[in-house]
Structure formats: C-alpha cells, structure tokens
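No lab work stands behind these numbers, since they all come straight from the coordinates. It should be emphasised that the depicted structure is a prediction, and the values quoted were computed from it without experimental measurement. FYI the Cβ positions are ideal-geometry reconstructions off the backbone, even for glycines, and counts take in every protein chain you see.
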Amino acid sequence: MTASLEQRPILRVRDLRVEFTNRGGLFEKPSVLRAVDGVSFDLHRGETLGLVGESGCGKSTTARAILRLLRASSGSAEIDLGTATEKPRWNDILQADRGELRGLRQHIQLVFQDPYASLNPRMTVGDIIGEPMAVYRLHGSRAARRRRVQELMEEVGLDPTFIRRYPHEFSGGQRQRIGIARALALDPRVIICDEPVSALDVSIQSQVLNLLVDLQKRRELSFVFIAHDLSVVKRVSHRVAVMYLGKIVELAPYDEIYRNPLHPYTRALLSAVPIPDPQVEARRQRILLSGDMPSLTSAIQGCPFASRCPEVEERCRTIAPELGEVTPGQSVSCLLRQ
Amino acid sequence: MSLLEVENLKTYFSTPDGLVKAVDGVDLRIEPGSTAGLVGESGSGKSVLNLTILGLVPTPPAIISADAIRFEGEDLINARAERLRQLRGNRIAMVFQDPMTSLNPFLTIGDQLAEPLQFHKGQSATKARQRVIELLREVGIPEPEKRLRAYPHEFSGGMRQRAMMAMALACEPALLIADEPTTALDVTIQAQLMEFLQRIREKHGTAILLITHDLGVAAGFCDEIHVMYAGKIVESAPTLEIFRQPSHPYTRALLRSVPRLDDDEKEAFVSIRGTPPDMTNLPQGCAFEPRCDHAIERCETECPSLEAVARKSEHHKACFVDLEPGATS
C-alpha cells in the first residue's frame, strides 16, 4: 500500500472549480452555486483513490468536470500520456480543443451508477460495448471488433454468446458488467467509477467490486472510486479523500483515515456508519451532527463545516482553513489540527 | 397477547409472466414495545408484507390469504376498509422510504401533520396546531412555529423524513412500521434518525417494525431479526443470536459478503454466487438452493419450513442442513 505513495501520478487535478449560476426569477436575486470549490488531488498509477462524501458534496460533479462532461469554471485536470518508463507528458483535459479532447478521452473513461439508465435499451450488448471502438475506429473490421467485444465480455465475466441480447435481459449486476466492459473497450489508463455498486443488492455488490479489483491488477488501471458507502470504499481504495461542501477536507491512506481520522467531519461520518454486529454497535460512541449541510449558494466565510462541527471554535467562523499535510501522506483542512 | 400476529400470510400477484408469490406463507409476531427487523434484498417481499398487513395491497390484482392477521387481538383480514382507515395512522403508523413522494407537495407541513389529529382524534384546528408544534420540536426541527407554513419542497431530505416521523407519531401509535426509513438519506442524517427512533421507543413504548436491507442498521436497533428471501422468512432469531450464530446459509453468506468498516484485512470480497431469484420462476425446492454452498439433494425437491433450531429455542430457520457452528466464517 505504501509503495503507491511514491509512484508517479497519472492524473493531476489542481484547484478545480465548478460553479452554476442561477439567473434568478422575477423576485429572486441571481445566485452562484459552488458545487466544486477548489479541489486538488493526484491519482497515482495503479491506485484507487476513494472519493467519499454525502449527497451534494460535489463528488460526482468533480468526476464530470474532469471528463469535461460539465464545464469547470477554473482549474486544471491533466493526464499523463507517457508510458511508465518515459518522461511524463501532461495533457490538460480542461484546456484541450475538440480534436485533442477526443484523443484524451480515450484514456479516461467513466462507469456510471445506474446500470438501468446508462445502457441504451434499443442496442444489443455487442453494439453497446463495441460503440466506443467504432467511434474511435479501432480494431478495423466489424468481425475484428466483434471478436474484441467477445474477449471483453469474457474478461468481465459475461457469457460471450449473449452478444446479441438486449440490456433488459440481464440482471443489475450483469448490466454493471456491461458498463464496465464498455469503459474498458478503449483500453483506458484511468477509470472514474461513480457509485458503481450503490444500485446493486449487497449479495451482488461484492461480485462487481471483486471484478474491479481484478481488472486493476491485470491492467494496471487507476481508479477514482466515488461512493457514499464508506465500508465499500475502505475495501477497494488505497487512499481516501473526504469531501464536504465542494471541498476536500481530508485526504489520507485508507488505513490512516479509518484508524486515525483527523477532521471532525470525517470522525462524525465514520462514527455514523452502522456496523453489522450488535455487540460492536452497542459499544460504539456516535458523534451526532446537528442540522443539515448548509446551502451551496450561501457565502461561507470561515470553515464550511463550522455550522455543524462539534469542536467548533470562534476562529473557525472567520478563518477559512486550507488543505495541508499534517503527517506524511495525511492532509486535513482544519484549523484545530494544523 | 402479541401486538401483531401474522400467520401463514400469502400475497400472490398474477402477472403475464406467471404467478409471483411475493409473500409466501409468512408468520410474524410482534410484542408490545419491541423492535423487530425485517431484513432482505430487493424483491424479497419485505415491503409487500408490510403493505399487506396495513391493508394497502388492492385485491385484485393481488390474491391474499392468511390464517390470521391480528392487531391488538382484532382480526384485520376481514376488517372493513373503514375500520382499517381508523387504525392506520392512529394505532398503526407508517414511515415510508421516500419522504419526497410520501408527503403531499400541495399542502403545508402544518396541515399535513394536523390531518391525523383532526381525523382520528377529532381535534380542532387550533388544538391540532399546538400539538403539531410540539411534535416538530420533538423530532428536532428548529423554529417549528415558522416551519408549519413551509411546503415539503422547502425541507431537506432529512427534515422531510423527520416531518414524516412526526406525522406517524401524532396519534401515539402502538406500532410503527418503518419501511427503509433512512435508505434515501446520508449516513450522518441516518444516525440522527435512528437515534430519534430509539428515543421514541423508550419514551412512548412504541413497538417498531423496521424494514431494511442494511444489516448494520438492523444490528444496532432491533431486538429480533427476520431474514426474508424470495417471499419467505428463512431465519428469525434474537439479534445477538443471529449475528453470533447465523444458521441459514443465506444469512451466513449475506453477513460475510457485507464489507464492514471495522475490518482489518483487505481480503477479496466474499460474494454469493449467482443472481437473486426470478420470482416468476422459483425452483421447486428451496429458493436459495441454486446459490447455496451447503445444499443437499433434498433441497432441490422439498421446500424447508421455518422450524426452531433446537427445542424451545427462539431461533428459527428454514433449512434442512445444520451448519457447523462458527460465526460468520
């Protein structure tokens, strides 16, 4: 696990910001919603970086902005196209023109949350998985592409003879495998998985997670793994970033963040996760947060978590903390810990 | 006398693909002031069971039969619709999964919460209003006097679910059925709500039937757990017992496949092979047999019934095989 820390980054995100402007109605003032508010992180080669947080914290928006499915207002998201032995060749996805973007997207793909909504019901599985290759004109002839689709189906654990079937003929877990095969079709370096298992039943979740871990080992893939389920993230991630109100509040190796969480929000979040063991549950101390997340449109002066923080001090309401490394590998954005 | 007694309840739906036995011979007993958990994956029949008990499944299309559904000793199967309306929201209350679709977007929170009080208790609008303010305060909604006039869309998900709970508790029910009450919510809000439910139970002695797919939530909350698979209860036992000594292969596999926050190792996930059963085409024998690692020949042809694991034990399982002891390994 520690080896990955020294490794070369493959994706470098700096000060990413996404803002949505609400033009306002007749009696409403226009407002700016800061969905992602200065997010920076490195993703190493062969690493899984877990991105966790509650709904509305900006984790999916971060993913979409990196892939330029949404326009970021500022910041950069660079991918290294050099091989492991070469010097890095950084390419900024956010600044690329149309042609460059097309080339870059081949190397960074997305797996969606909902395997029911993300597959076109009118296309056969073969066409769905083969489409990226057709778009990028890879593998020449139709027959060659078909062979490649069957290889991919086999790789993700689907029966290749089902190539002519339609998505509705598959179960949720199998559909998610189709989505994964489609993401693999262009042989990318980075895959962003946006809640890949949260729509699945628990007995099926682990099948899909095992598949992702196997693929990573086999293909040296790097994953950004977005999820709200911290138990799942812990199992698959090498490092974990916790987001709150559009900012990363803590970033650390997976074992550190679970053993020694520093940010008060991380602590509350971890203490709220139920553990399927009544004896452990009976002993646990919950840190209960009062209230809800503040609105993203409100201008917050100090720390964004100050309104709910159980350890809040006077200075937290006026001084905004910055994400900074406190112990090697562990960064936190909290005045009390720095 | 048990608060709720359900015996051999069957809810079938006739579909173009065949007969779906959504609930197939379920027995359930809830004592006053207790908390029971009904755990199962999607499609296992837990919500249909809940709706059938409440008399909210229309017949047709459903075909319902039961030896008994008794609430506070009163027979509910043959009860008239009018009588069920008197009970629902009054003696039996419910909280649903999605607070957005279960609140009326056209009515203010105050009006919606006052409705059960006016309908069941015949309270005047002013008196009901006072009680609603108290209720909102009790569920932890700040400035309840002001919030009365708000519409559901002005509330966050957590606040809406708290408002739903306030409404459910308005008439001080003897039984609260909470169907996945926290599934749509974030973990920190989930923790707040479960804490609140726990307080309600201690303060008012309300019995709670918690329907959930999350074993973790059930572990921390319930006295007793019933595990459902393909329309049947396959194991039921006191909570400590079922986690310490799961006796049905499905329960055991489920407990092993759930990632835990307090795991130390990063070993591969243990998964249950195969897929959840196709409800229109269940196997002849035990529904879990095709996915079971312990199946014997008998499981293919015969369907096991729910029986005590030992004489006089409160622990019941529906399985022919006696698993080796040893917790979740």
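In table form, for the structure just shown:
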quantity	calculated
Packing-based exposure ordering (other Cβ within 10 Å, fewest first) of A:SER307, B:SER44	A:SER307, B:SER44
Relative contact order [Cα under 8 Å, 6+ residues apart], the range A:1-67, whole percent	35
Sparse-neighbourhood loop sites, GluC sites (Glu not before Pro) in the range A:103-184 - DSSP loop, at most 14 other Cβ within 10 angstrom	none
Amide H contacts under 5 Å for B:ALA93, placed H, 5+ residues apart	B:LEU175, B:LEU176, B:ILE177
Packing-based exposure ordering (other Cβ within 10 Å, fewest first) of B:HIS315, B:HIS226	B:HIS315, B:HIS226
Highest average packing first - A:124-136, A:186-198, Cβ atoms within 10 Å	A:186-198, A:124-136
Percent of Cα pairs exceeding the 21 Å cut-off, where the set is the range A:1-136	55
When each of B:LYS121/B:LYS146; B:LYS146/B:LYS203; B:LYS10/B:LYS46; B:LYS10/B:LYS232; B:LYS46/B:LYS317; B:LYS46/B:LYS232 is checked by Cα-Cα distance, pairs over 19 Å	B:LYS121/B:LYS146; B:LYS146/B:LYS203
Summed side-chain charge close to B:SER247 - residues other than B:SER247 whose Cβ falls under 11 Å, Lys, Arg +1, Asp, Glu -1	-2
Chain B: relative contact order in percent, alpha carbon pairs under 8 Å with at least 6 residues between	20
Computed over the range A:101-185, the ratio Rg/Rh where both radii use C-alpha atoms and Rh is Kirkwood	0.94
Net charge over other residues, Cβ less than 14 angstrom from the Cβ of B:MET194 (K, R count +1; D, E count -1)	-1
Gyration tensor over alpha-carbon atoms, chain A, equivalent ellipsoid semi-axes in Å	35, 23, 21
Helix-only mean residue ellipticity at 222 nm for chain B, each DSSP H run of n ≥ 4 adding -39500 (n - 2.57), per residue, nearest 500	-9500 deg cm²/dmol
Translational diffusion of the range B:1-107, µm² s⁻¹ [Kirkwood Rh, Cα pairs; Stokes-Einstein; 20 °C; 1.002 mPa s]	143
Sorted by Cβ neighbour density within 10 Å, fewest at the top, the residues A:ARG218, A:ARG286, A:ARG98	A:ARG98, A:ARG218, A:ARG286
DSSP beta bridges in the protein assembly as shown [antiparallel fraction, %, rounded to 5]	60
Rg ratio (alpha-carbon, reference 2.2 N^0.38 Å) - the protein assembly as shown	1.01
Whole-angstrom gap from the range B:81-147 to the range A:147-215, using each part's C-alpha centre	45
Descending semi-axes in Å of chain B, equivalent ellipsoid built from Cα gyration tensor	36, 23, 18
Between 0 and 90°, nearest 10: helix A:142-155 axis offset from chain A longest Cα axis	50
The range B:62-132: equivalent-ellipsoid semi-axes (sqrt of 5 x gyration tensor eigenvalues, Cα, Å)	28, 17, 9
Rg to Rh quotient for the range A:205-273, alpha carbon positions, Kirkwood Rh	0.99
DSSP-defined antiparallel bridges as percent of all bridges, chain A, nearest 5	60
Calculated P(r) of the range A:295-338 - Cα pairs past 14 Å, %	49
Antiparallel bridge percentage (DSSP; both residues within chain B; nearest 5)	60
Shielding score for A:230-236, defined as the mean number of other chain Cβ atoms within 10 Å	5
Qualifying lysines (Cα of each under 23 Å from Cα of A:LYS234; at least 8 residues distant if same chain)	A:LYS59, A:LYS217, A:LYS247, B:LYS266
In the range B:239-329, the GluC sites (Glu not before Pro) that fall in loop regions by DSSP, at most 13 other Cβ within 10 Å	B:GLU265, B:GLU267, B:GLU302, B:GLU314
C-alpha long axis of helix B:125-138 to longest principal axis of chain B, angle in °	50
Counted charge near A:LEU69, where neighbours are those whose Cβ lies closer than 13 Å (Asp, Glu -1; Lys, Arg +1)	+3
Relative contact order for chain A, counting Cα pairs under 8 Å that sit 6 or more residues apart, in percent	19
